[in-house]
Amino acid sequence: MLNIAVLVSGGGTNLQSIIDNIKNGYLKDVNIKYVISDREGTYGIERARAHNIDTLVLDRKIYKKELSNKIYEVLKDKVDLIVLAGYLSIISSPLVDGFKEKIINIHPSLIPSFCGKGMYGIKVHEAAIDYGVKVSGCTVHFVDENTDTGAIIIQNVVNVKSDDTPEKLQKRILEEEHKALPLAIKLMSEHKIFIEDRKVIIKE
Ligand code: GRF
């Protein structure tokens, strides 16, 4: 059984996709042990409560620079994988070191484009459209000390249409996120993911 913690800051549709894929049997040996939010009042926490998952709000305004330490204290030796699903606070050591290659994040672009500090939410899609790219998508990657720089596990591509607005593109990419993130978790739970020289190898 792969015990996971899901960290959210917002609506939690990616969390919902994990819950749904556990319920429908796609994720067989995965258990969501905790859902943690870095702010009060997120719908992600409501989704978790509706499914009787243990929740915790560790308010970023209260913990400030200690937030990552606090999360490490809570999750150390309790979970096998941490999934950042629309989580906006900085993750630093000892959390990153303690969970080396055991923290994954979903980002709504094809990394290394439109990522890094300050690139989140609708801004990502505005930047993609402004640049005029013909494809965008989503990336599931491991989390390291920097923002969006860890080894890439999965990328799903979405065509950018000439009449796309950032909102329309965001919606289509989100649909792909809801496939890519559960797949990455499934591969982790089946021990099929290996990192060699920052490249992720998926062994079937
Ligand atoms: C998603 O696009 C995710 O990639 C990003 O935050 C957005 C919100 O997702 N990191 P969710 O609905 O809260 O899961």
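The numbers here are math on the coordinates, done by the rules we state, and not lab data. Keep in mind that this is a model prediction, so the values were computed, not measured. Cβ atoms come from the backbone with ideal geometry, glycine included; neighbour counts cover every protein chain shown.
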Practice problem: Please give the FRET efficiency for E40 paired with K179, using the beta carbon to beta carbon distance and R0 = 25 Å, rounded to the nearest 0.05. | Solution: 0.25
Quiz item: Which of these, D80, D20, D163, has the largest mean-square fluctuation under a Gaussian network model of the chain (Cα springs below 10 Å)?
Solution: D163
Exercise. Using the structure shown, select from K100/K123; K123/K171; K70/K117; K65/K171 the pairs with a Cα to Cα distance greater than 25 angstrom.
Key: K100/K123; K65/K171
Quiz item: How far is it, in nm, from the label point at V133 to the one at T165 when both lie 7 Å from their Cα along the line to the Cβ?
Solution: 2.1
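Return the subset of K28/K161; K33/K203; K168/K192 for which the Cα-Cα distance in this structure is over 32 Å, preserving the input order.
Listed pairs above 32 Å: K28/K161; K168/K192.
Report, in debye and to the nearest 20, how large the dipole of the stretch 2-202 comes out about its Cα centre when Lys and Arg carry +1 and Asp and Glu carry -1 on their Cβ.
Details: 27 positive and 27 negative charges, 38 e Å.
Taking the Cα centre of the stretch 2-202 as origin, the dipole is about 180 debye.
Cα-based Rg of the stretch 2-202 per 2.2 N^0.38 Å, rounded to two decimals? Write out the running numbers ahead of the final one.
Numbers: Rg = 16.1 Å, N = 201, 2.2 N^0.38 = 16.5 Å.
Rounded to two decimals, the normalised Rg is 0.97.
Quick check: residue separation of V157 and K64 times 0.36 nm, minus the Cα distance between them. What number comes out in nm? Write out the running numbers ahead of the final one.
Working: separation 93, 0.36 × 93 = 33.48 nm, distance 3.54 nm.
Value of the extension gain: 29.9 nm.
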Exercise. Mind checking which of V74, G41, S136 is farthest towards the positive end of the chain's charge dipole, using Cβ charges of +1 (Lys, Arg) and -1 (Asp, Glu) about the Cα centre?
Key: G41
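Given a Förster distance of 45 Å, report the FRET efficiency between V74 and I195 from their Cβ-Cβ distance, rounded to the nearest 0.05. Let's see the in-between values first.
On the way: r = 26 Å, r/R0 = 0.57.
Once rounded, the FRET efficiency stands at 0.95.
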Quiz item: Quick one: longest stretch of the chain between exposed loop trypsin sites (Lys or Arg not before Pro), exposed meaning at most 14 other C-beta atoms within 10 Å and loop per DSSP?
Solution: 29-75
Quiz item: To the nearest 10 degrees, how steep is helix 166-189 against the longest Cα principal axis of the chain, on a 0 to 90 scale?
Solution: 40
Exercise. Considering Cα pairs under 8 angstrom that are at least six residues apart, work out the relative contact order of the chain and quote it in whole percent.
Key: 19
Quiz prompt | Amide H partners (placed H, <5 Å) of T147, local residues excluded | solution = none
